[in-house]
Amino acid sequence: MLDIIRTVSAVIAVVSATRLRFALGMACGLAIAYGMLGATLSVVAAVRHGSVGGEYALGLIFLGPSAVPASAASPLPGGTWMATHQFASLLGSATLAAAPCASAWHRSTKLSPHSPESRRWDTVSASFLLLTVIAVIRLLLVMLSEWFSAR
């Protein structure tokens with residue numbers, strides 16, 4: 001479920017950034033989408049091979065395929081690494097989402113709040129803000145699960 005929200009937000013962010021010709025937003029949005037696709041394809045391959053057990057059922061249902069650490073080979077370059085190193089992948093995703101969010105917000109504040117261009121920049125910053133918040137929440141969940149499994 002959460003991955004569906006992330007995917008829709010990433011699509012909105014990339015489309016909004018493309019409409020404004022915002023290169024940083026387009027690049028970061030596509031990189032985030034690539035990371036989600038790489039992790040998802042790796043988990044799909046792991047489920048097909050039977051290497052993902054039932055203990056990850058709740059993660060698959062509520063968070064999505066990117067919540068499951070899988071070591072199966074992904075067809076995308078770097079996909080296997082992104083699936084096995086969730087913390088680093090989510091940290092990178094949060095950073096990639098925060099940079100265009102801050103830049104678009106900064107551009108929006110320089111304009112009149114009633115102008116259509118300001119509203120377009122607000123759309124870009126809001127979609128990247130949602131991606132940042134989701135990545136940070138997922139980071140906290142990964143840290144909590146690691147902490148609980150270590151005990």
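The values are calculated or read from the model by the stated rules, or taken from the named source; none is laboratory data. Keep in mind the model is a prediction, meaning the values are calculated, not measured. Using ideal geometry, Cβ is built from the backbone for each residue, glycine included, and neighbour counts are taken over all protein chains shown. These accessible areas exclude ligands, DNA and RNA; they are computed on the full protein's heavy atoms, side chains included. Shrake-Rupley method; radii C 1.70, N 1.55, O 1.52, S 1.80 Å.
Miscellaneous remarks
- Check on residue 76, in a helix (DSSP H, G or I), in contact (Cβ under 8 Å) with a residue 40 or more places away in the chain, surrounded by 15 or more Cβ atoms within 10 Å (Cβ to Cβ) and not acidic (Asp, Glu): no
- A residue that is more than 13 Å from residue 127 (Cα to Cα), without any contact (Cβ under 8 Å) to a residue 12 or more places away in the chain and either open to solvent by 30 Å² or more (accessible area, probe 1.4 Å) or not β-branched (Val, Ile, Thr) (or both) can be found somewhere in segment 22-35.
- Qualifying residue in segment 87-104 (condition: of a type in the set (A, V, I, L, M) and modelled with pLDDT under 90): yes
- Considering only residues in segment 85-104 that are touching a residue at least 24 places away in the same chain (Cβ under 8 Å) and surrounded by fewer than 18 Cβ atoms within 10 Å (Cβ to Cβ), the one that is farthest from residue 13 (Cα to Cα) turns out to be 87.
- Checking each residue of segment 44-67 against the condition of being out of contact with any Phe, Trp or Tyr (no Cβ under 6 Å at 6 or more places or on another chain), of a type in the set (S, T, N, Q) and modelled with pLDDT under 80 gives at least one match.
- Scanning segment 105-151 for residues that are surrounded by 16 or more Cβ atoms within 10 Å (Cβ to Cβ), farther than 18 Å from residue 19 by Cα and polar (S, T, N, Q) returns a single hit, 132.
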